[in-house]
Structures are given as C-alpha cells and as structure tokens.
1. Within region 71-88, is there a residue that is touching a strand residue (DSSP E or B) at 6+ places or on another chain (Cβ under 6 Å) and either under 30 Å from ALA144 (Cβ atoms) or part of a strand (DSSP E or B) (or both)?
2. ARG110 - would you say it is over 18 Å from ARG168 (Cα atoms), modelled with pLDDT of 95 or more and of a type in the set (Lys, Arg)?
3. Just wondering, is there one or more residues in region 118-130 that are of a type in the set (A, V, I, L, M) and more than 26 Å from GLY76 (Cα to Cα)?
4. With the structure loaded, tell me whether ASP99 is in the same structural domain as GLY76 (by TED's automatic domain parsing) and more than 24 Å from LYS33 (Cβ to Cβ) or whether it fails that test.
5. Is it true that some residue in region 44-56 is assigned to a loop (DSSP other than H, G, I, E, B), charged (D, E, K, R) and at positive phi?
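The values are calculated or read from the model by the stated rules, or taken from the named source; none is laboratory data. Just so you know, these numbers come straight off a predicted model, no measurement behind them. Cβ placement follows ideal geometry from the backbone for every residue including glycine, while neighbour counts extend to all protein chains displayed.
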Amino acid sequence: MTAAAATGRGPDSGTAPLQRQDARQEQAHSVMKALQPLQRWAQFGWPKLCGAMSYDLLVAPDIDIEIYGTLRVETGFSLVSAWAQDPAVDRILFLNAVDEPDAGLGWEVRYRVHGVPWTVQMWLLPTDYDGPRSADLVEPMRAALSSGTRSTILCIKERLVARGTEYRSIDVYRAVLDDGVKDIDEYDRWCRSYSSTGLLNWRPSPRR
C-alpha cells in the first residue's frame, strides 16, 4: 500500500496545492480588507507586505508586514487599540526587539475568519535598517518561482505542518529553488546538512 493510500488520500495533482493556496489567499485578503494594516501604517512609514502571502505560498495562517519608519512604541499601539475593538480580534501581542538582531518593534494581531485564527505579524524597523529585509525578498522570489516549484514548496510545507514539524519557510525555499529538492523526504535529508538559524541574507537563484 502506498503512503498516499494509507492516509486515505490520493497523490496531489500539480494544481491541487495551488488551489488550496488560492483558498487561503482569499481568507488572508479578507483579513487584510478588515484590518487594512497597509493603509493604516502608511501614515507612520513605508509598509510592505512580505512573506508567504506575498509569494503566493500560504500554508500557515500568517500574514507578514514590515514597516520602515521611526521607532515609536505609541505608533503601533495607536493602531492596535482600534483593532482590539473588533470582536474578530482575540489576541494582541507586543514585542520589543530593539536591542536584538531584529532591531525593531513588533505587534501581532490574531483575527478569526470562519473559526481560523489568522496572525498578522507587523515589524516596525528603522528606515536605515541594514539587516536582511523580507521586503527586499518579495520580487526576487516571485521572479524565481514557477508553478512547478511553487507546487513543490506548498506540498513540502503542507506535509511539515501535517506532521507537526517546526520549520523555517526560508529553508524550504532554499532547498527547492537553489538545490532542486522535490519532496518531503529529500527535504528531510537536505535539512541534516543545510538547515539555518538566525537572520539570513539570501536571494533565490534566477529561474532557469
């Protein structure tokens, strides 16, 4: 019996992971429409959608935003205090990482859509921040991805989530886009030698 049969699920076609991702994007866009974080942060700096949502690689219900501006704690709290009035918001967290490598202030807002808790992670960074910027990775990632590599990445991330394995998305991207990893077994072997920690300044190889 194949692994797919043992789980009661046939092997994915090339489009199935993409279709599931599209459904997650719809939920994510409903969160963005409700909270309007990009529009609201624009009065305080330059906000940029980044991470999996910006690459069309959503698996976990997380939305990542970086904002470049003046580091003022009251800035973020002026926004989250308004979001806290929304009954769909059930948690708000504040992170002060000014003295850490991230060198910024973070807020997390958890917003429920049809029972699914979506986390909007927002990092306020100084305008002259010289560390790795997720915002700078968006265009290189979109240029490097094809429907095939996007499907492979989604399948690997879905398998990792299904078995409860902690992972770094950037490692999955590196494995598939730089080293041609094709499935979860190859990814597990790749991780034994190449998994990363900490901040990483990486760009994908150009699409061939």
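1. Within region 71-88 (the criterion being touching a strand residue (DSSP E or B) at 6+ places or on another chain (Cβ under 6 Å) and either under 30 Å from ALA144 (Cβ atoms) or part of a strand (DSSP E or B) (or both)), the answer is no, since none of the residues qualifies.
2. In short, yes.
3. No, region 118-130 has no match at all.
4. yes
5. yes
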